[in-house]
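Working notes for the structure below.
Please treat every number below as a calculation from the coordinates, not as lab data. These numbers were taken from a predicted model, which means no experiment stands behind them. Positions of Cβ are backbone-derived with ideal geometry, glycine not excepted, and every protein chain shown enters the neighbour counts.
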Amino acid sequence: MKKITRILIITLVSLLVLTGCSKSNISQVSDADKNIATIKEENLTKGDIYEFIKLKYGTTIITSTLVDMQLEQYVELTDEDMTAAKKTLEETKENFKDKFEEILEASGYKDEADYLERFILKNLKHQKMLAKYFDENYESIIETLSTMKVRTLKADNKAKAEEALEKLQAIEELDADGFVEVASEYVAEADKEKVVADAIIEHVYQGRDKDTYLNTKLVDAKPGLYNEVIAADGGFVVLFFEEVEKEADADAILASISSNEKLAEQINKAMYANYSQVGKFEIHDKQLFDQFKDNNPFLPSK
């Protein structure tokens, strides 16, 4: 039974991804009427199993297969990468000590070689593909995300924030240093270190749950002082925007994306959609297309 299921899974992927479609746009399996088993005088055919696997697991199978295909096509690991991966493996073994084999088995890996291939190397390939996509689409990414560097003056009450804003507005040709100098007078003692530190790279992204006002304020923001006090997070803030330096800030921008789970997910979907479009990925089976179309990253938006 396991062998038959494996054959059907391979058939499913080949029918849906690699070949053209039938007139009905519903993929079929050969010998669909072939009886595989009988349960209380009811026949279970090859076609029954195929339909079950296709509709229940089809999107998962295709997604996993396409991730592997894209990583293979667009990423090449170097000797240095392999050395780093093996070092990660050894560090993992050291961390878990005598529990390592048990944890591998519980996580579904056959052995440490399987773990190295399917987890460590796959993650490394993903990181390299993300860096490649970022390099190739850098300007469009930061434009889409309205990426800017942000400095924040957070006051305890509205009157104090408005006083600080008025003082800042009175400064001719206000720059970042001038903003920091005034902000240091008005923020709470605990926040002074944040004010004098480097500006924080911020983006517009879906699902933001902290400083949510930035999703609207960053759109069309211009460098310099934002001329309104914003009520936010139990206080009142005044913002100062700085343009990112495209070359000098590139690594920091990528790091800010990679370290933000929700933002990274958004960029990963865009990356997979991009390479799917480049590779002319299409789903020929209408039933599976309908399952994919709403939120699967491999279907580029039309």
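So here's what we get for this one:
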{"read-out": "For segment 148-242, size of Cβ-based charge dipole, Lys and Arg +1, Asp and Glu -1, in debye", "value": "360 debye"}
{"read-out": "Dipole axis of segment 75-146 (+1 Lys, Arg; -1 Asp, Glu on Cβ), positive-most option in Val75, Phe100, Asn123", "value": "Phe100"}
{"read-out": "Distance in nm between pseudo-label sites at Phe52 and Ala252 (7 Å out along the Cβ direction from Cα)", "value": "5.7 nm"}
{"read-out": "Those residues of segment 65-82 whose amide nitrogen sits under 11 Å from the label point placed on Asn123, 7 Å along Cα→Cβ", "value": "none"}
{"read-out": "Label-point separation, Lys40 to Ala131 (7 Å along Cα→Cβ), nm", "value": "5.9 nm"}
{"read-out": "When each of Lys56/Lys280; Lys222/Lys246; Lys132/Lys210; Lys149/Lys246 is checked by Cα-Cα distance, pairs over 20 Å", "value": "Lys56/Lys280; Lys132/Lys210"}
{"read-out": "Calculated FRET value between Asp233 and Ala170, using beta carbons and R₀ = 30 Å, to 0.05", "value": "0.65"}
{"read-out": "Rounded if a/c under 1.5, otherwise prolate or oblate - segment 20-132, Cα gyration tensor axes", "value": "oblate"}
{"read-out": "Rounded if a/c under 1.5, otherwise prolate or oblate - segment 110-168, Cα gyration tensor axes", "value": "oblate"}
{"read-out": "Anchor Lys158: aspartates and glutamates whose Cα lies under 16 Å away (excluding residues fewer than 8 positions away in-chain)", "value": "Glu166, Glu185, Glu228, Asp233"}
